[in-house]
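The values are calculated or read from the model by the stated rules, or taken from the named source; none is laboratory data. Since the model is a prediction, treat every value here as computed from it, not as a measurement. Because the Cβ atoms are built from the backbone with ideal geometry, glycine has one as well, and the counts that use them run over all protein chains shown. Accessible surface is based on the protein model in full, side chains and every heavy atom, while ligands, DNA and RNA are left aside. Shrake-Rupley method; radii C 1.70, N 1.55, O 1.52, S 1.80 Å.
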Amino acid sequence: MMDFGGYPIAATAAAESWDQLHWFLIGVCVFFSLVVFVPMVVFAIKYRARPGHKPTYISHNNALEIFWTAVPTVILMVIFAWGWIVYKELVINAPPNAMEVKVMARSWGWTFQYEDGRTTNDLLFVPVNKPVRLVMTAAEGDVIHSFFVPNFRLKKDVVPGIYNTTWFEARIPGRHQFFCTEYCGAGHSIMIGAVVVLEEEDWQLWRWGKAIDMPDWVGIGGKRERMLTASQGREAAFQVQTAHLDQKSLIDRGQELHRRQGCVACHSSDGTMGIGPSFLGIFGEEVELSDGRILVRDENYIRGQIENPRAQIVRGFEHAVMPPYPGRLSELDLNALIAYIKSLQGSTTAQRMTEE
Amino acid sequence: MHHSPEGTTYLNYPKGLMSWLVTLDHKRIGMMYLASVLFFFFVGGVFALTIRLELFTPEQNLLTADQYNQAFTYHGVIMVFLVIIPMIPAAIGNFVLPLMLGAKDVAFPRMNLASYYIFVAASVMAVATMFFGGVDTGWTFYTPYSTQTQTATTLMLCAAFVAGFSSIFTGLNFMATVHKLRAPGQGWGQLPLFVWAIYATSVIQVLATPVLGLTLALVALERVAGVGIFDPALGGDPVLFQHFFWFYSHPAVYIMILPAMGVINEVIPVFSRKPIFGYKAMAAAIFGIALVAFAVWGHHMFTSGQTALVNMLFSLITMFVAVPTGIKVFSWIATMYKGSIHFDAPMIYAFAFLFVFVIGGLTGVVLATLGADIHFHDTYYVVAHFHYVMVGGTLFGFMAGLHYWWPKFFGKMFNSFLAKLSAVLILIGFNVTFFPQFILGIQGMPRRYWSYIPEFTALNQLSTIGSFVIALGFFLALGYLTHSFFFGKKAGSNPWRALTLEWESESPPPLENFRFDPVVTHGPYEFKGERV
Ligand SMILES: [Cu+2]
Ligand SMILES: [Cu+2]
């Protein structure tokens with residue numbers, strides 16, 4: 001018998017909300033299909049041309065026409081509102097305490113960079129029941145990709161040159177298939193991998209570089225592996241990737257870059273104004289630019305400032321010059337600098353910095 | 001006024017190959033478009049079957065990844081630019097529109113011929129790319145992939161750019177024709193709804209196509225001269241391309257579907273022997289759709305990183321496309337109510353259209369729903385949706401029109417039984433091909449995948465089988481239509497007993513369309529007091 005597969009597993013709370021919306025939409029589709037198809041079939045039979053049957057002259061009916069304009073409009077507005085609510089839950093409402101992972105896509109593979117500075121390829125390791133925020137970009141000079149986890153009902157394009165963000169909180173431990181969903185050339189369909197959701201103990205072990213058992217697939221994704229295992233007559237060796245532990249944490253690395261790249265000459269980390277503004281407590285705050293625009297200093301703003309400072313000049317610094325750094329810093333360096341600037345929040349940090 | 005000799009038709013007077021190649025007659029130009037479009041439909045169809053064969057198993061069957069990427073690119077480019085867009089307006093519309101207005105030709109016959117040869121030039125360029133390494137960008141030409149890939153993309157961009165002019169020329173011409181060449185007594189309220197639909201389509205063609213042309217020209221410039229507009233490596237913004245592209249290509253969806261709706265507007269009243277239900281609302285709905293079409297392009301970019309507010313607005317506005325679309329569907333059904341329904345081939349296609357188009361439209365609402373689209377975007381759900389609209393809608397509308405006006409085109413009838421059989425085959429094959437793709441989309445299979453995880457095998461195989469049933473249906477149609485062309489029974493001037501002007505002329509019409517001066521004395525659908 002052919003195996004057509006089933007409805008995909010919902011592995012996050014947001015995915016469950018998505019499913020409710022989807023069942024509602026299926027209901028609407030079935031309902032309106034019937035509203036059209038049933039009369040269509042009934043009329044086709046009842047009013048088929050035959051001897052003695054005469055058509056009736058009817059040209060319009062205002063009440064009816066208003067009715068079938070107004071009722072669908074109302075239903076559409078309900079659909080729209082529900083869609084917006086689910087979108088907010090699915091994409092926007094990342095909790096502030098979310099663990100952050102930097103995602104870098106290249107043709108054709110994925111690199112995930114964690115807060116402690118290590119990286120993994122094509123497997124994203126996360127703890128269960130903990131919100132995870134993804135900050136994603138594609139390698140320099142690369143094309144657009146898209147990160148799609150069906151079990152999370154989650155998708156976001158990964159665009160070179162900008163950061164796109166999204167988030168999830170996985171409830172079911174195991175391996176969850178992910179795909180690249182923006183066409184990117186010959187390797188597009190093999191640019192796939194898994195989000196590995198670990199139980200708390202496993203997560204701690206993995207974090208410290210210990211070996212753990214790879215958890216099972218959840219929903220779609222395991223079949224090719226099982227087929228391989230079966231055809232080879234033994235457990236195929238799927239090694240757990242342990243990330244390099246020799247790396248410095250992202251923040252430490254950012255601090256080092258701040259010094260080594262010479263940013264420190266113009267930007268302090270303790271609130272004192274130099275040639276440029278201090279980095280202390282700026283992340284997430286609003287900034288007024290010389291052309292009057294008000295922006296929030298998020299990842300994209302900082303990135304833009306480093307790569308093309310002339311395009312967004314901070315008010316009050318019109319006469320100072322910041323040298324552009326395009327191409328001189330790698331994506332991983334940019335991640336580190338941003339993480340560092342982000343870490344300089346408020347006075348306690350400032351104190352620690354001045355003490356050092 | 002010069003009259004063609006009694007007993008001659010546009011097909012045999014004037015005579016000679018040259019008289020066809022330089023003809024200014026809208027009917028001949030229409031038929032040349034028809035032949036070209038059908039040829040490219042065949043080519044695009046072969047690519048489609050190749051794609052489906054490759055997807056029969058998760059592993060490589062007959063194409064490498066690169067070849068597969070080219071196959072779906074050619075399938076898309078050919079079907080969109082060389083088939084679906086010109087299929088109804090330029091082929092059928094060219095023939096029928098002036099006749100419906102009682103005119104002798106379109107307003108600018110030379111421009112009409114120019115539009116055809118521009119179309120031919122564009123087609124030649126598109127086909128030529130196959131001999132210069134092929135194109136693998138997908139019909140959407142997304143940057144920066146399209147600015148970086150080492151294939152004949154530049155030539156293909158030029159082809160699409162050139163094809164745009166043919167579309168603009170046709171649009172301008174039809175608008176002028178509708179304004180200036182209506183028969184005496186034919187006010188705007190007496191226009192057949194097919195004319196309304198073609199008119200609205202022309203407006204979109206004229207307003208939106210230049211944006212696509214300029215955008216593609218910019219991509220070509222970026223490839224050739226390294227101007228940094230879209231490629232971030234050159235300081236450009238790749239998402240800007242998506243905005244420009246969809247600003248044309250969403251309205252283009254309506255360039256494709258409105259003419260099909262126009263055909264259905266003609267067929268349903270004639271075969272129900274009843275006036276179209278709610279003429280005014282129907283005409284208004286056509287323009288409602290055309291208007292809203294310009295403000296919804298962002299619904300293709302919900303996952304691109306567009307801000308939440310922009311996403312919300314595009315989702316909201318897109319919902320409003322469904323309202324006039326609903327009005328049209330409900331009115332078609334109401335037209336059948338208490339009618340006297342004749343099940344000739346055009347009507348069978350109208351039923352097929354309704355069935356498939358409703359599913360396509362409703363799943364469009366699903367995709368317009370912001371939250372829902374986050375999962376469905378760029379999966380097979382989208383592929384299924386737009387095939388339900390484009391194939392189910394436009395192609396079935398075209399087939400309805402082709403069968404409806406075939407007796408007018410060639411003065412011959414076709415085998416009615418075989419026509420219905422082929423319609424049913426195509427309808428069944430279509431649903432077997434594309435319904436499984438909705439399920440694949442729900443399960444998460446991304447589009448444009450050369451290989452897929454084995455979980456998706458069964459549904460893909462079903463889909464492949466369906467595609468060959470469609471092919472069978474079309475080969476059957478090719479058979480009985482060819483037979484009719486040579487040996488069909490004479491049709492007479494009005495075999496369907498329709499009331500629009502084109503049926504008052506002979507079949508096939510003479511060079512100057514009418515041997516008398518047509519005057520409009522009744523509405524296009526006044527089947528009042530008629531006996532069966
Ligand atoms: Cu990809
Ligand atoms: Cu669209």
*asked:* For chain A, what does the helix formula give at 222 nm: sum of -39500 (n - 2.57) over DSSP H segments with n ≥ 4, over the residue count, nearest 500 deg cm²/dmol?
replied: -11000 deg cm²/dmol
*Taking DSSP loops as anything outside H, G, I, E and B, show the longest stretch in chain A free of trypsin sites (Lys or Arg not before Pro) there with at most 16 other beta carbons within 10 Å.*
A:1-170
*Determine, from the Cβ-Cβ distance of A:Gln20 and A:Met77 and an R0 of 30 Å, the FRET efficiency 1/(1 + (r/R0)^6), rounded to the nearest 0.05.*
0.95
*Under a cut-off of 21 Å between alpha-carbon atoms, report the lysines in cross-link reach of B:Lys412, not counting same-chain residues fewer than 8 places apart.*
B:Lys15, B:Lys27, B:Lys420, B:Lys489, B:Lys490
_Solvent exposure, largest accessible area first (probe 1.4 Å, DNA, RNA and ligands not counted), of B:Leu309, B:Leu191_ = B:Leu309, B:Leu191
_Within the range B:461-487, list the residues whose amide N lies under 20 Å from a label point set 7 Å along Cα→Cβ of B:Thr9._
B:478-487
*In deg cm²/dmol and to the nearest 500, what is the mean residue ellipticity at 222 nm of chain B if only DSSP H runs of at least 4 residues count, each as -39500 (n - 2.57), divided by the residue total?*
-21000 deg cm²/dmol
*Solvent-accessible area, 1.4 Å probe, carbon plus sulfur percent, for the protein assembly as shown*: 66 percent
_For B:Tyr33, net neighbour charge (Lys/Arg +1, Asp/Glu -1) across residues whose Cβ lies under 14 Å away_ = +1
*asked:* If I build a Gaussian network model for chain A, linking alpha-carbon pairs within less than 10 angstrom, which residue out of A:His145, A:His188, A:His60 has the largest mean-square fluctuation?
replied: A:His60
_Modelling each spin label as a point 7 Å along the Cα-to-Cβ direction, I'd like the A:Lys46/A:Phe4 distance in nm, to one decimal._
3.2 nm
*Expressed as a whole number of Å, what is the distance separating the alpha-carbon centroids of the range B:87-152 and the range B:1-58?*
13 Å
*What distance in nm separates the simple spin-label points at B:Leu62 and A:Leu64, each placed 7 Å from Cα in the Cβ direction?*
5.0 nm
*lysines whose Cα lies under 17 Å from that of A:Lys156, excluding same-chain neighbours fewer than 8 positions away*: A:Lys88, A:Lys102
*Between the range B:396-429 and the range B:189-204, what is the C-alpha centre distance in whole Å?*
23 Å
*Among A:Pro96, A:Pro127, A:Pro39, whose mean-square fluctuation peaks in a Gaussian network model of chain A (Cα, cutoff 10 Å)?*
A:Pro39
*Excluding A:Val128 itself, calculate the net charge of residues whose Cβ lies under 10 Å from the Cβ of A:Val128, where each Lys or Arg counts +1 and each Asp or Glu counts -1.*
-2
*From the phi of every residue in the range B:52-58, what ³J(HN,Hα) in whole Hz does the Karplus formula 6.51 cos²θ - 1.76 cosθ + 1.60 yield, where θ is phi - 60° and glycine or proline is x?*
5, 5, 4, 7, 5, 10, x
_Rounded to the nearest 10 Å², what accessible area does A:Cys29 have for a 1.4 Å probe in the complete protein model?_
20 Å²
*In nm, to one decimal, how far is the modelled label at A:Val296 from the one at A:Asn121, with both set 7 Å along Cα→Cβ?*
3.5 nm
*Between the range A:79-114 and the range A:1-34, what's the alpha-carbon centroid distance in Å?*
21 Å
_³J(HN,Hα) computed for each position of the range A:84-97 - Karplus, 6.51 cos²θ - 1.76 cosθ + 1.60, integer Hz, glycine/proline x_ = 5, 4, 5, 4, 4, 5, 6, 10, 8, 6, 6, x, x, 8
*asked:* Please list, by residue number, every one of the GluC sites (Glu not before Pro) in the range A:110-204 that is coil in DSSP and has at most 15 other beta-carbon atoms within 10 Å.
replied: A:Glu115, A:Glu199
*Residue range of chain B that is longest and free of GluC sites (Glu not before Pro) which are both DSSP loop and sparsely packed (at most 13 other C-beta within 10 Å)*: B:60-532
*Would you pull out the residues with amide H under 5 Å of A:Trp217's amide H, same chain only if 5 or more places away, H placed 1.01 Å from N?*
A:Arg175
*asked:* Under 5 Å between amide hydrogens, which residues at least 5 positions from A:Ile9 or on another chain qualify, with H placed 1.01 Å from N in the peptide plane?
replied: A:Ile220
*To the nearest 10 Å², what's A:Trp217's accessible area with a 1.4 Å probe?*
50 Å²
_Within chain B, longest stretch clear of exposed trypsin sites (Lys or Arg not before Pro) (DSSP loop, no more than 15 other Cβ within 10 Å)_ = B:16-488
*Apply 1/(1 + (r/R0)^6) to the Cβ-Cβ distance of B:Leu21 and B:Asp517, taking R0 = 35 Å, and write down the FRET efficiency to the nearest 0.05.*
0.70
